[in-house]
Amino acid sequence: MSSVVALDPALELLEGKYVVEVKPAGTNKGRAISALMEHPPFAGRRPLFAGDDTTDEAGFASVQALGGEGIKVGAGDTVAMHRCASPDVVRSWLAAMLPADHPAAVALQ
């Protein structure tokens, strides 16, 4: 894949834990989050982004620059300001933040 991507400057390779992505050059989760945050229903809200891979680092940086919270799930170097040990811990934390009868809280349990 590297040799094919090297032939086209409009593409780039992004390697994660268990993934290799071919994507348009200059795009990442951080840019996508920033773009979404400009539009309803996201505009004016505080973003929260959780992820477990190197492919999520731009997302952590973006939400934190926007005044939100980045949460790294699991081990590894990160720019995220917070960390949770596992996806189960993230789900439990999110469920605890909502009223017990909220449909999202029920779905998280």
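Can you put 42, 60 in order of Cβ neighbours within 10 angstrom, beginning with the fewest? List each step's numbers first, then the result.
Values: 42 14, 60 25.
Exposure proxy ranking, most exposed first: 42, 60.
Quick one: the Cα spread of the chain along its three principal axes, in angstroms, biggest first?
Principal-axis extents of the chain (Cα, largest first): 54, 31, 24 Å.
Given points 7 Å out from each Cα along the Cα-Cβ axis, report the residue 85 to residue 7 separation in nanometres with one decimal.
My value for the distance between the label points is 4.9 nm.
Over the chain, calculate the relative contact order: mean separation of alpha carbon pairs under 8 Å at least 6 apart, over the residue count, as a percent.
Once normalised by length, the contact order is 15 percent.
Can you compute the charge dipole magnitude of the chain about its Cα centre, using +1 on each Lys and Arg Cβ and -1 on each Asp and Glu Cβ, nothing else charged? Give it in debye, rounded to the nearest 20.
Numbers: 9 positive and 13 negative charges, 58 e Å.
That gives a dipole near 280 debye.
Check each of the GluC sites (Glu not before Pro) in the stretch 35-109 and keep only those in coil by DSSP with at most 15 other C-beta atoms within 10 angstrom; list them in order. Don't jump to the answer; show the numbers that get you there.
On the way: sites: 38, 57, 69; in loops: 38.
Sites meeting the loop and neighbour criteria: 38.
Within 10 Å of each residue's Cβ, count the other Cβ atoms and sort 34, 86, 62 from fewest upward.
On the way: 34 18, 86 11, 62 23.
Neighbour counts put them in this order, fewest first: 86, 34, 62.
A short reminder: the numbers here are calculations on the coordinates, not readings from a lab. All values derive from a computational prediction rather than experimental measurement. Positions of Cβ are backbone-derived with ideal geometry, glycine not excepted, and every protein chain shown enters the neighbour counts.
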